[in-house]
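The values are calculated or read from the model by the stated rules, or taken from the named source; none is laboratory data. All values derive from a computational prediction rather than experimental measurement. In this analysis, Cβ positions are derived from the backbone assuming ideal geometry, glycine residues included, and neighbour counts consider all displayed protein chains. For the accessible areas, the whole protein counts, side chains as well, though only heavy atoms, and no ligand, DNA or RNA atoms are used. Shrake-Rupley method; radii C 1.70, N 1.55, O 1.52, S 1.80 Å.
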Amino acid sequence: MTDDMLTEDTEHKLTLRHLTLEDYDYVKDLMDAVYPGLGGAWPKNKFRAQLKVFPDGQICIEDHGVVVAAAFSVIVDYDKFGDQHTYDEITGDAYLTTHDPLGDVLYGVDVFVSPDYRAMRLGRRLYEARKEICQNLNLKSIVAGGRIPRYKDHAANLTPQAYIEKVKRKELYDPILTFQLSNEFEVKRVLKNYLPEDEESHGYATLLEWTNLYYDPDKAPLIGAAKTTARVGCVQWQMRPFSSVEELSQQVEFFIDALSDYQCDLALFPEFFNAPLMGIENHQTSIAAIKALAEYSVEIVEVISKLAVSYNINVIAGSMPVIENDELFNVSYLCRRDGTIDSQYKIHVTPHEKRAWIMQGGNELKVFDTDFGRIGILICYDIEFPELGRLLSEQGVQILFVPFWTDTKNGYLRVRCCAQARAIENECYVAIAGSVGNLPKVDGADIQYAQSAVFSPSDFSFPHDAIMAETTPNTEMTIIVDLDLDKLNKLQNEGSVRNYLDRRRDLYKIGWIGD
């Protein structure tokens, strides 16, 4: 505790509130005092993750500005874990990577009170606040694993079950179990190796539950319910001469119409699919040609946005050159079927784009919420940088879309192999779409090589080669794939390997340091 920590003889001013990052030093002091035999306090990066993932579930009581008690929790889909789980499994090693806003149970991660305040029943206040959170979020129950620290004094003579029964009958006292029973929690079972390092409890814990009597099972709405699957269509686009934006738009509409007929949720077009428009006029330099192409981008986006609404399908309009403040960027547009438009700038421009077009890279990485799930867009070269995929994964992206443009097979394979790696390491789907054919009159776009595809994680629930579908190379066509989003959630917790949960967040992390 700090030197200025108040005592019980002082006039108190207790306030229940949510924790903030500035509270870490107080929380550290508390945990070091309460858990000297269990490693003491969490590191600050773990505390930061808890506040970021589920800020409403992390609460404390302060006295004159000093945190003297705290409680941490997470929402989980309890069926994914069941009654046999460990603390690290269900809390993501306390990083709360298991948090599911659509889950049904509030899981108790920890509760602790300053030793100087234990006579003031602050733990009860925190438990009541947790119950209020559970009711306000309409969750089924609160579940927690409870230590039984006094079991060490009786382990030689009593099984954990016998010890628990004696505590329930008030024949024995356990500071944690007795408190939880007095707060309307019921013991469901005994957990073995819940906290292996807990020597006082011999690694055992009680699985406790408080039932929310006001829980009203949410009924799925008749329309607009959250989707558990997404149908994705990828367009392998044939480069051909066009004499106007109208001709290009007709070909775009053909594919959008076709994919809409198959009730696709999203259509993905390739990077620079509008490049044929550079052949409308003769340009003296590559820079002049790409700048002329950029002049069509606003009109094309408007057309595709109208088509997305008309055909009731989300469209990723590949990417197009855009001039802003006299600088050239490569931008992908997400045209949603509700009429909204969003964009992702290509962050890593290739040496050719820098040299031939003086193109600049964007400085923002976005996550997009759609009516079928959370997605990210990485344009071509961007997929070859694993940091971007990891940053999107940390924000819950389920599908990565990669519009690309490559002229040679080795260039294509860089995109393909990296896309497959992103799918496996981030446990998400990755869809890639490219262009085929030739544009002899367009400098820098005279040949194309592509084989569009959709990749999955690599585990038993997915195709044996982790390829959901792929096109015939260098042939204009589409592929349509149904993606099971629930499988991704199950994979995270029950996969043969668990790349997301097993990251050593105590050793390394990736962070965005841009503006």
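If you filter the range 439-464 down to residues that are part of a strand (DSSP E or B) and in contact with an Asp or Glu (Cβ under 6 Å, 6 or more places away or on another chain), you find that the one that is nearest to PRO270 (Cα to Cα) is ALA453. Filtering the range 396-428 to residues that are open to solvent by 20 Å² or more (accessible area, probe 1.4 Å), over 21 Å from LEU488 (Cβ atoms), not polar (S, T, N, Q) and not in a helix (DSSP H, G or I) leaves TRP405, ASP407.
Scan the range 121-166 for residues that are surrounded by fewer than 21 Cβ atoms within 10 Å (Cβ to Cβ) and β-branched (Val, Ile, Thr) and jot them down. Of everything in the range 121-166, those that are surrounded by fewer than 21 Cβ atoms within 10 Å (Cβ to Cβ) and β-branched (Val, Ile, Thr) turn out to be ILE133, THR159. Among the residues making up the range 449-463, a single one is surrounded by 24 or more Cβ atoms within 10 Å (Cβ to Cβ) and more than 25 Å from THR229 (Cβ to Cβ): ALA450.
Look at (1) under 26 Å from ASP88 (Cα atoms); (2) open to solvent by 40 Å² or more (accessible area, probe 1.4 Å); (3) part of a loop (DSSP other than H, G, I, E, B); (4) touching a residue at least 40 places away in the same chain (Cβ under 8 Å) and you find that LEU501 fails only one, number (2). Of the set (1) open to solvent by less than 40 Å² (accessible area, probe 1.4 Å); (2) touching a Ser or Thr at 6+ places or on another chain (Cβ under 6 Å); (3) farther than 20 Å from GLN236 by Cβ, all apply to SER393 but (2).
Tell me, which residue of the range 464-474 that is among the polar types (S, T, N, Q) and open to solvent by 60 Å² or more (accessible area, probe 1.4 Å) is farthest from GLY437 (Cα to Cα)? Applying the filter and picking the extreme gives THR472. Looking only at residues in the range 201-245 that are open to solvent by 20 Å² or more (accessible area, probe 1.4 Å) and on the phi > 0 side of the Ramachandran plot, the one that is modelled with the lowest pLDDT is GLY224. Selection of first residues in the range 120-137 that are farther than 13 Å from PHE72 by Cβ and of second residues that are open to solvent by 80 Å² or more (accessible area, probe 1.4 Å), restricted to Cβ pairs under 6 Å at least 6 apart or on distinct chains, gives the following pairs, ordered by first then second residue: GLN135/TYR214.
In the range 86-99, the residues that are within 13 Å of PRO196 (Cα to Cα) and without any contact (Cβ under 8 Å) to a residue 24 or more places away in the chain form Cβ pairs under 9 Å with partners that are open to solvent by 10 Å² or more (accessible area, probe 1.4 Å) and assigned to a loop (DSSP other than H, G, I, E, B), at six or more places apart or across chains, as follows: ASP88/LEU195; ASP88/LEU501.
Counted as qualifying within the range 8-115 are the strands (runs of 3 or more DSSP E) with 2 or more residues that are open to solvent by less than 20 Å² (accessible area, probe 1.4 Å), at pLDDT 90 or above and out of contact with any Lys or Arg (no Cβ under 8 Å at 6 or more places or on another chain), namely 66-76, 105-113.
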